[in-house]
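Laboratory data are not the source of any read-out in this text; all were calculated from the coordinates shown. Bear in mind that the values here come from a model prediction, so they are computed numbers and not experimental data. When we count neighbours, we look across all protein chains shown, and the Cβ atoms used for this are built from the backbone with ideal geometry, even at glycine.
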């Protein structure tokens, strides 16, 4: 048949053409497979992008922005498909803008919260109740739970509305060199007000006998962190928690009278106006006073301002006649969750990360205490070889019951920041400056402060 059609059959040619045909078919199939693979890859990327979960985090510390960004990278690496968007603002900007977002129910998923605002925000239902998380998926042994309880107490509703990542306490700073020269033992945890008063008198010195004091035994004015430690060290209260009225009890009044007497009777502490040439936080580190009470965060300023040869330490606030030594004046900074977040579990996971294991000690100024015990109890925090020599005192204080005077309208009635010359601050200053009697100050405080509080607690 092939001969009749005059077709010449060459087996090699047929084999070659067949192979060429199969090769083209293989190339087509391979190209098709490559296109399909590319499409599938693009679809997978598109799907992953569509499934990416974004959390908003707001912070008020502009100095920590770079370190917070490093924390985010670490968390995102551990949690693929999660993106954290950070907004960092100055403190004044922060509270203005975040309050507006709260009013619009558009809060970021996770945001920083202050002890001074937590009651207001809890009252306005702008904070997620974290109790269910803290009581279930949380290792309480990893943290100082006294700090959590302090937040619950400040919020005033018996609930955990925020996760503390740092705290501060108040301490008695003392100049070791001045104590040594006077032949006095350093303050210790057993000191009473009598011990303190005797030391303050002996440490007040007119070195050249010209009638002008060159070294004061103590320094204070009406500032919250310089007055309330003494009130709580005497187990006193400024506010009636049942009515939220300003109603200092006998123990609180005793503490305020004790302090003002140091200026007016003992002459072992100066008036407020006598120190007008100094920043208040510099009086002690510049060697003008032998003792001073204020927040533990001043450790950082002392290290900067004090002469390199000046030796100084910290101690507990001496207990008053009614003091049980159970309390410490201290308060935390927090991370809070929005009640409107659509990713509650993930927001909690991130909040827990940025209040504990995600942090490092270089994010804390000296004197600010991590609530995460692994950081707080490390050698790096204790900083042996630096002053003060007993940083572990701060850890002992962190385990105690914490008390503050924070309430609605606190900065106004207490006299804080721009309002420092008014409120209780201004009233105490008027007493130690000789402009008002102590008894008159009690009446003025009752009248003025309760007018303010009545506006907030209607």
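When both the stretch 149-198 and the stretch 247-285 are represented by their alpha-carbon centers, they are found 17 Å apart.
What ranking do 337-346, 300-309 get when scored by the average of other Cβ atoms within 10 Å per residue, highest first? Spell out each step's value before the answer.
On the way: 337-346: 16.9, 300-309: 14.0.
Ranking, from highest mean packing down: 337-346, 300-309.
In this calculation the C-beta distance from residue 177 to residue 379 is compared with R0 = 25 Å, giving a FRET efficiency of 0.40.
Here the sum of -39500 (n - 2.57) over DSSP H runs of 4 or more residues, divided by the residues of the chain, equals -13000 deg cm²/dmol at 222 nm, to the nearest 500. Distance from the Cα centroid of the stretch 70-139 to that of the stretch 296-316 is 33 Å (rounded to whole angstrom). Compared with the dominant principal axis of the Cα atoms in the chain, helix 344-353 is inclined by about 60°.
With the simple model of a label 7 Å out from the Cα in the direction of the Cβ, residue 438 to residue 249 spans 2.0 nm. Relative to the dominant Cα principal axis of the chain, helix 438-456 is inclined by about 30°. The Kirkwood hydrodynamic radius of the stretch 61-175, based on inverse pair distances between different Cα atoms, is 16.3 Å. In the stretch 224-363, inverting the average of 1/r over every pair of distinct C-alpha atoms gives 18.5 Å as the Kirkwood radius. Extension gain, residue 278-residue 401: 0.36 nm per intervening residue step, less the Cα-Cα distance, totals 40.9 nm.
Subtracting the Cα-Cα distance from 0.36 nm times the residue separation, let me have the gained length for residue 419 to residue 139 in nm, one decimal. If you can, show how the numbers build up before the last one.
Values: separation 280, 0.36 × 280 = 100.80 nm, distance 4.05 nm.
Using 0.36 nm per residue and subtracting the Cα-Cα distance, I get 96.8 nm.
Relative to the longest principal axis of the Cα atoms of the chain, the long axis of helix 250-264 lies at roughly 70 degrees. The label-point distance for residue 89 and residue 105, in a model that sets each label 7 Å from Cα toward Cβ, rounds to 2.1 nm.
Length gain on complete extension for the stretch residue 241 to residue 451, per 0.36 nm per residue less the alpha carbon to alpha carbon distance? Can you show the working numbers first?
Working: separation 210, 0.36 × 210 = 75.60 nm, distance 1.63 nm.
Between residue 241 and residue 451, full extension yields 74.0 nm more.
Translational diffusion of the chain, estimated by Stokes-Einstein from the Kirkwood radius over alpha carbon pairs at 25 °C in a medium of 0.890 mPa s, is 96 µm² per second. Between residue 96 and residue 194, the modelled label-to-label distance comes to 5.5 nm, taking each label 7 Å out from Cα in the direction of the beta carbon. As a calculated quantity, the FRET efficiency between residue 264 and residue 51 at R0 = 60 Å, using C-beta atoms, amounts to about 0.30.
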